[in-house]
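Here is the structure we will look at, set down as structure tokens.
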Amino acid sequence: MRLRPLPVLLLLLTVLPVFADNVYLANGRKFEDVMAEETATQVRIHLQSGVLVLPKSQVLRVETGDSNLGGFLQRKDSLKKSPATRAADWVELARWAESKQLAQAARESALNAAVLDPHAPGLAPILRGFGYVLDESLDRWIRYEDAMRRKGFVQMSNGQWISQEEYQARARAQAEDYAQRRADRQEQARAARDERLAVLTEIALTKALTQPPAPPYVGPYAPWGEPVIFLPGFVTSPPGKHNRRSPDLFHLEPTFGSSDFVRVPGSLIQGRLPGSHH
């Protein structure tokens, strides 16, 4: 009787338990259930998300134990190297990784299965759980966000997806609301300025009304002791008073330009010069 070869995954499940490592660092941190490779100067720590390389001086010690992650890494490496690997083998490994709480390992295995066969049995529930959808036009699994964008939807800040038309309508409404609020702020600022100006004007008027009137300006006193009042173009003494020593020098008549009007030299007002006679 001819023996049929066992599936690759069954062979992998029969391997001996893989040892795990707990890496303790000098800063107090530690990495549990990982695979560590030590060299003379470095320690390579294999994580689900990649490989972390640290100087050996930062590592206190490495303790060995059973490792689910180590088992996954070995099985993944074997599947990649085997030409007989099928999509079903990757799906089975993804299920096993999920049962061991290795989420990233399960996602990686499911995506490897999707490359070989996007319609492999049991694949859809796993990938949908990680936010992937099957794009019929591309015939491959892509992230839900990418699928929505390909359909013309836009994701809002709250995670909601809306159409392009609704997004543009919301953008216009937001712009109009912003413009209105800006106009309201400008109007409020203008009203505040007008109110301040009105208050300052009222204060100035009140101050002007409450202050006593300024006295008329009286110029310097003439040699004979009487004040001299300055008017544009001529000089005169107070009305009704004349200098006895020089009665004709500041004797003025009410009519400008008359022959008796005393004109200051350089003035354009007509009249006789001081010292001249009729």
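What follows is calculated from the coordinates using simple rules that are stated; it is not laboratory data. Source: prediction; values computed, not measured. For neighbour counting, all protein chains shown are included, and Cβ atoms are generated from backbone atoms with ideal geometry for every residue, glycine included.
Can you give the net charge of the other residues whose Cβ lies under 14 Å from the Cβ of ALA175, counting K and R as +1 and D and E as -1? Residues near ALA175 contribute +2 overall. For the stretch 29-46, the Karplus equation 6.51 cos²θ - 1.76 cosθ + 1.60, evaluated at θ = phi - 60°, returns couplings of 7, 8, 10, 9, 6, 10, 10, 10, 10, 9, 10, 5, 10, 9, 10, 9, 10, 8 Hz by residue, with Gly and Pro reported as x. Here the spin labels are modelled as points 7 Å beyond Cα on the Cα-Cβ line, and at PHE130 and LEU52 they lie 2.1 nm apart. Annotation for GLU176 and ALA208: the two label points, set 7 Å from Cα along the Cα-Cβ direction, are 4.8 nm apart. Taking a straight Cα-Cα cut-off under 28 Å and skipping sequence neighbours fewer than 8 places away in the same chain, the lysines within cross-link reach of LYS81 are LYS100. Could you compute the net charge surrounding ASP117? Neighbours are other residues with a C-beta less than 12 Å from the C-beta of ASP117; K and R count +1, D and E count -1. Local charge sum for ASP117: 0. Under 11 Å from the Cβ of TRP161, count the other residues' Cβ atoms, weight Lys and Arg +1, Asp and Glu -1, and hand me the total. Local net charge: 0.
3J(HN,Hα) along the stretch 93-99, derived from phi through the Karplus expression 6.51 cos²θ - 1.76 cosθ + 1.60 where θ = phi - 60°, amounts to 5, 5, 5, 4, 5, 4, 5 Hz, with x in place of Gly and Pro. Projecting the Cα positions of LEU116, LEU69, ALA87 onto the charge dipole of the stretch 49-123 (unit charges on Cβ atoms of Lys, Arg, Asp and Glu, taken about the Cα centre) puts LEU69 furthest along the positive direction. The alpha-carbon of LYS56 sits under 17 angstrom from the alpha-carbons of these lysines, leaving out residues fewer than 8 places away in its chain: LYS30. Computed packing ranks the peptides 185-191, 147-153 as 147-153, 185-191, most packed first, by mean other Cβ atoms within 10 Å. Most tightly packed first, judged by the mean number of other beta-carbon atoms within 10 Å of their residues, the peptides 99-108, 201-210, 132-141, 163-172 read 99-108, 132-141, 163-172, 201-210.
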